[in-house]
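Participant: What follows is a single structure, and I will ask about it in a moment.
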Amino acid sequence: MAYSFQSLPQLVDMRGKLASKGNYSKRTKTITHRVWHHSLTKKHLAGSDAASFAAYHVNTLGWPCVGYSLIIEPKNIVQTSKGPRARIVYANDIDRRTYHVGNSNQFSLGICVAGDYRYDKMDDATIASIADLHAALTKDNIGKYDTSHNEMPGYSWKACCVYDYRKLVNWKGSVTPITPTPIPDTYTIQEGDTFWSIAHKDGAGGVTVDDLIKANPNVDPEKLKVGQKIIFGKAIGQSQPVKKQNTSTSNPNGNSYIKKFQQWLNQEYNVGLVVDGIYGPKTKAAAIKALQTEFNKQFGAQLVVDGKWGPKTKAAVRTISRGAKGSITRIIQGMLYSLGYDPKGFDGIFGDNSFYAVRKFQGDKKLTVDGLCGKNTFNEIFR
């Protein structure tokens, strides 16, 4: 059966041409919902297209094919008689029950707009393709309601989709987007769910596969069952948030942790700090000098050790992650504590407590919450 949407000039039929290791079964229910997603990949990057999504869904998530029926690619522009349009990829037959909204897959059509709209801006060519596709699907009587991923049962914590699809289609319902709710302490597995698919960093605070495995030691991540409950929010330490420390200068004796940090900086890097237990510009500059020294020693950065957080120092940053050991981790720990985020140790080991402290810091600073100390996190710590 031919549909109106298939005649859109910006549409490319890639059914059977994308990565797969099987087929989805046919739907047993009529499509009632058109569900809008975004991909969490920056829209102009190499991996932000249907082929990359298919490879990820098949090879990492273990799904038969890509999880969406239709994918809009902002980085691929098609010139049409009506102006530029973002390419639309027809990825799976409409009658196939693809994995994208768990137990609602049977009656839901998955549409993904490539991009991470927590940060990306929706461009005119993409908006036009969304409108064209919606109009064609409506004409074809494919779906009755438009909804976002986090408006489907069980997914209220998802920050998907972040763009307001209501403004982009002829929406008749509420014009107020759903605000993601906090991640629940437990989660009930739905159809197609894997630790890898639900561990996207698009929920409140984010979650990683390692978090889920650690929090669910008796659960085989390769053999999840629909209806099975797993520990979820507690996996990222939500039930025991890191408390900010009082590093106020009102304490005449200073803070003992900061004193230890200052003593270590003097001993290892000869920065000449007064060990008063009070965090201020001099301690920060000394920490930057220590970091510059380590970047030179470990990465061959050839930085001037001047205690200034400038472009060259920023460019020398390497991502530090859980499991790292050494002086750079000590500097991170000392700075986190000084800024009010207790890593519960000054041992140079990037363990769970340091990981959670980084996550709390990232959340408060509106950064991507992944527990990785990368360029953006370093910049926020030392700015």
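Participant: Are there any helices (runs of 4 or more DSSP H) wholly within the stretch 294-366 with 2 or more residues that are in contact with a Phe, Trp or Tyr (Cβ under 9 Å, 6 or more places away or on another chain) and over 16 Å from Asn376 (Cα atoms), and if so which?
Facilitator: 327-338
Participant: Now a separate question. Within the stretch 284-319, work out how many residues are in contact (Cβ under 8 Å) with a residue 60 or more places away in the chain and closer than 16 Å to Leu273 by Cβ.
Facilitator: The number of residues fulfilling the criteria is 4.
Participant: Another question about this same structure. Can Tyr117 be described as under 17 Å from the mean Cα position of the chain (by Cα), outside the structural domain of Asp193 (by TED's automatic domain parsing) and touching a residue at least 60 places away in the same chain (Cβ under 8 Å)?
Facilitator: yes
Participant: For the stretch 113-157, which positions are closer than 18 Å to Phe53 by Cβ and in a helix (DSSP H, G or I)?
Facilitator: Within the stretch 113-157, Thr126, Ser129, Ile130, Leu133, His149 meet the criteria.
Participant: Here's a check for you: in the stretch 367-383, which residue that is at pLDDT 90 or above and outside any helix (DSSP H, G or I) is nearest to Ile331 (Cα to Cα)?
Facilitator: Cys373
Participant: Outside the structural domain of Pro221 (by TED's automatic domain parsing), modelled with pLDDT of 95 or more and either more than 22 Å from His149 (Cα to Cα) or touching a strand residue (DSSP E or B) at 6+ places or on another chain (Cβ under 7 Å) (or both): is that true of Pro9 in this structure?
Facilitator: For Pro9, the condition - outside the structural domain of Pro221 (by TED's automatic domain parsing), modelled with pLDDT of 95 or more and either more than 22 Å from His149 (Cα to Cα) or touching a strand residue (DSSP E or B) at 6+ places or on another chain (Cβ under 7 Å) (or both) - is met.
Participant: Give Ile258, Ile278 a once-over and let me know the one that is assigned to a helix (DSSP H, G or I) and surrounded by 20 or more Cβ atoms within 10 Å (Cβ to Cβ).
Facilitator: Ile258
Participant: Turning to a different aspect of this structure: Just to verify a result, which residue in the stretch 332-366, among those that are modelled with pLDDT of 90 or more and among the hydroxyl-bearing types (Ser, Thr, Tyr), is farthest from the chain's Cα centre (by Cα)?
Facilitator: Ser338
Participant: Please count how many residues of the stretch 246-278 are modelled with pLDDT under 85 and more than 36 Å from the chain's Cα centre (by Cα).
Facilitator: If we filter the stretch 246-278 for residues that are modelled with pLDDT under 85, which is where we start, we get 246-254.
Checking the rest, the ones that are also more than 36 Å from the chain's Cα centre (by Cα) come to 249-254.
Summing the residues that are modelled with pLDDT under 85 and more than 36 Å from the chain's Cα centre (by Cα) in the stretch 246-278 gives 6.
Participant: What number goes with the only condition from (1) assigned to a helix (DSSP H, G or I); (2) within 31 Å of the chain's Cα centre (by Cα) that Ala285 does not pass?
Facilitator: So Ala285 meets the others, but not (2).
Participant: Given the conditions (1) at pLDDT 75 or above; (2) of a type in the set (A, V, I, L, M); (3) in a loop (DSSP other than H, G, I, E, B), report the number of the one that Leu212 does not fulfil.
Facilitator: (3)
Participant: Hey, Lys365 hits all of (1) in contact with an Asp or Glu (Cβ under 6 Å, 6 or more places away or on another chain); (2) farther than 29 Å from Leu40 by Cα but one; which does it fall short on?
Facilitator: For Lys365, the failing item is (2).
The values are calculated or read from the model by the stated rules, or taken from the named source; none is laboratory data. Bear in mind that the values here come from a model prediction, so they are computed numbers and not experimental data. All Cβ positions, glycine included, derive from the backbone under ideal geometry; neighbour counts span all protein chains shown.
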